[in-house]
1. Can you list the aspartates and glutamates whose alpha carbon sits under 16 Å from that of B:Lys329, skipping same-chain ones fewer than 8 residues off?
2. What whole-number distance in Å separates the alpha-carbon centres of the range B:297-363 and the range B:180-257?
3. Just tell me, in residue order, which DSSP H segments of chain B are both 30 angstrom or longer along the helix axis (alpha-carbon based) and at least 1.0 in mean Kyte-Doolittle hydropathy.
4. Please find the FRET efficiency linking B:Asp325 to A:Leu256, where r is the Cβ-Cβ separation and R0 is fixed at 45 Å, and quote it to the nearest 0.05.
5. Taking 0.36 nm per residue of sequence separation and subtracting the Cα-Cα distance, how much length would be gained by fully extending the chain between B:Arg108 and B:Val229, in nm to one decimal?
6. So for the protein assembly as shown, what are the equivalent ellipsoid semi-axes in whole Å, largest first, each being the square root of 5 times an eigenvalue of the Cα gyration tensor?
7. So what are the three principal axis dimensions of the range B:387-436 from its Cα atoms, in whole Å, longest to shortest?
8. Tell me the label-point distance for the pair B:Leu266, A:Gln273, using the 7 Å Cα-to-Cβ offset, in nm and rounded to one decimal.
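Values in this text are rule-based calculations from the coordinates and carry no lab data. None of the values given here were measured: they were computed from a predicted structure. Note that each Cβ is placed from the backbone with ideal geometry, even for glycine, and that neighbours are counted across all protein chains shown.
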Amino acid sequence: VNARLRPWRALAVVLTASGLALGAAAAAAAPGQPSARSGGHAARAVTAPAASTCDPKASSLRPAGPPQVTPGSFMAKIRARGYLVAGVDQSTYHFGFLNPLNGQIEGFDIDMIRAVATAIFGDASSAHLHLKAISDEQRKPDVMSGTVDIVAHTMTISCDRLKYLDFSSVYFDAHQRVLVLKNSKATSLDDLRGQKVCATTASDSVARIAAAKAIPVPVTYWTDCLVLLQQGDVAAISTDDAILDGLAAQDPWTKLIGPPIADEPYGLAISKQHPEFVRFVNAVLQQLRTNGQWAASYRHWIGTPVAPIPQAHYAG
Amino acid sequence: MTTSVDVSSGPVTTAPVVRRAWWRSRLEGATTPARLRLLLALLILLSLAWGVLAALTANQHASAAADVVAVSEPLSLDAEQIYTSLSDANATAASAFLAGGLEPAADRQRYQADITKAAIRIEAASALVGSSAARTELPGHLKNQASAAGSAVGDDLAMLSGQLPAYTDEVGTARADNRLGLPLGAAYLRAASALLRGTLLPAASDIYTRESALLTSASAQATGLPLIVIAVVAGLGLGYVLYRSSRWLSRHTHRVVNYGLLLAALAGLVSLVWLAGAFVAGRGDLLHAQQQGSGPAQAFARAEVAALQAHADESLTLIDNTGDDDYQKDYVKLQKLLGPGPGTLLAATGSSQAASQAQAWYRAHQALRAQDDAGNHPGAVAAAQTGDAARSFARLSTTLSEGKETHQAVFAASARNGRDAFTGLAVGMIVASLVMVTGCIWGLNRRLAEYR
């Protein structure tokens, strides 16, 4: 099976490389960009690149009040176009997955993005929301190139990604953990030293697997990891508990083990070109936190008890 | 020519010829009965030599032609069928998966039929390679080539029969998960498709390539000229010797016709005409089989497989449904390969109907992609399953598969005719040479008796 995956991996390497090249190009272009941004945002641009002061959980832009489509804004452009284009996952159970029963992409992430579309267009018609299923490694390049307006894809806000993208405030608190088969004797990632552990290419889990001296096996989708685990080709899968819960829900013969390895705060990714959209999305998220919709989505997709709602912290 | 004149006229003179061979002086000094006995021995030897040469030639062509019909053709046909069935199974499984939990009964049956067909063909090919009795008679280099190909083909077939259950297992799991509404199903389908394309199809393609090469070699051997030319020249030479012998006899014995030698000459003539005639007829049939049969059939088969893979890509793009578009890139690649246009697979088939049907499908595919890219995934899925794209692909697929089958039938009929042209030829050559020997003995013994 590993031999079969090689072409994917080769492709992954190419895509990662091209992603990095894109990132580098954008970084090179960055010095010239702050002037093109709105004044309020320029102040943050000075402080954000400094890695030492970076706090992924408090890096977003403060909303100016309730969500409003101001004339000339990116939201107005989207409204004129008629639909919002969102890059989403289609294979992560409970967050973004293609439901074979109705052919629709559904999940917690999709609820968040649907709320954003509803706020822009004033009605919940699905015609106003185009969901574009993308892979993990396409998230960054697609946001940067403007292929999608926003990404809702179990995407962790990280200092590295903040160099290239803007994120909304944290809408979900996840933690990296480990999923193994029920008969596994491993109790944490440290017990899997020298064994194969699966993660998706371009996820930040890959580096942590390598750091724990396990052998990372990168694939395209999280469900591909579950295929490998079921076929006995990897000993474990390591990523955010939110994703692992979705995999465990598809195979009752698996279990989550070990303490949280790292915090994985999820945010909606938006291009650095549209700070007003970041503020708008944060305003929508703030509404969801307070009007009970966030808790309702959590209850529907993830279950009870409902976790504490992640509170928004802003940098500017 | 001059030497024969010397021998037959045989003037017993004392002319001082210095460079005379020892046997010639012996012959000239010999009595007529001794000369007759020598001639008889020579004729028997030549007749037997002719018999051996002609039978060998006949056997070479017959076994090469038999190999074309009995081993190479069935094996390459099996390999082609394995390849096509697997490609069709993959395309059908993907298309059925798109329908969700309630997959269409027709798709399910088609998938099952494809898998069954592939399994039967793998088994048949394995049996053929395992026995490969027909190949033991193959001449020289062809035999070496066949045994080398045989072991490689054996490995490929072992791989196929080992991995086919793994493939159907993954498709089955994909189907079960899909039925439960789990996204895991799509992952299993992708894994199955990767296994099929990465392992099973290359093995089938390898068998096909090797067997096609062998088919070409065997066909070339059956229709090749060198040996038959040598045989015909030898036959004509033997006829000339018989003619000179009877002239010499009639001069020395004052009888116009020696019936024994006449019989030998007739037997020689019949065997020569039969050999040459069988060769011309067999060669014609085998060349026809190649040019009007296996050649075009191969072209259609290649186009069909490329179309099937592109169709699987169309479905997998919709199942995968990410902007990742590996499958769509592959579709575009296959579209370029398929044509129509100079140097493409469709151009090789020469079918204008297939060309226009392919273009209709590309247009429908483009419309489908535009729909999907605009966010209308359900609409695109409907187009791929029952809409324009599905119908235009079905038309193209039917044209290509019918074209292939028509030419395969032409090949089978012509190749069989070609093989049959050589039937009994080797035995006939041996019988003829024995008749010639008998004729010579009978004819010359009657003259010899006159000296007793």
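1. B:Asp313, B:Glu314, B:Asp320, B:Asp372, B:Asp373
2. When both Cα centres are located, 33 Å separates them.
3. Numbers: long enough: B:32-67 (52 Å, 1.11); B:73-98 (37 Å, 0.18); B:105-131 (39 Å, -0.11); B:140-179 (58 Å, -0.41); B:201-223 (32 Å, 0.15); B:226-253 (40 Å, 0.80); B:259-288 (43 Å, 1.47); B:295-320 (37 Å, 0.20); B:352-373 (31 Å, -1.10); B:388-421 (50 Å, -0.60); B:425-449 (35 Å, 1.46).
Those that pass (Cα extent of 30 Å or more, hydropathy at least 1.0) are B:32-67, B:259-288, B:425-449.
4. Numbers: r = 33 Å, r/R0 = 0.74.
For B:Asp325 and A:Leu256, the calculated efficiency is 0.85.
5. Details: separation 121, 0.36 × 121 = 43.56 nm, distance 5.74 nm.
Taking B:Arg108 through B:Val229 to full extension adds about 37.8 nm, to one decimal.
6. Working: eigenvalues 1395, 119, 101 Å².
In descending order the semi-axes read 84, 24, 23 Å.
7. Projected onto its principal axes, the Cα set of the range B:387-436 covers 74, 8, 6 Å.
8. 9.9 nm
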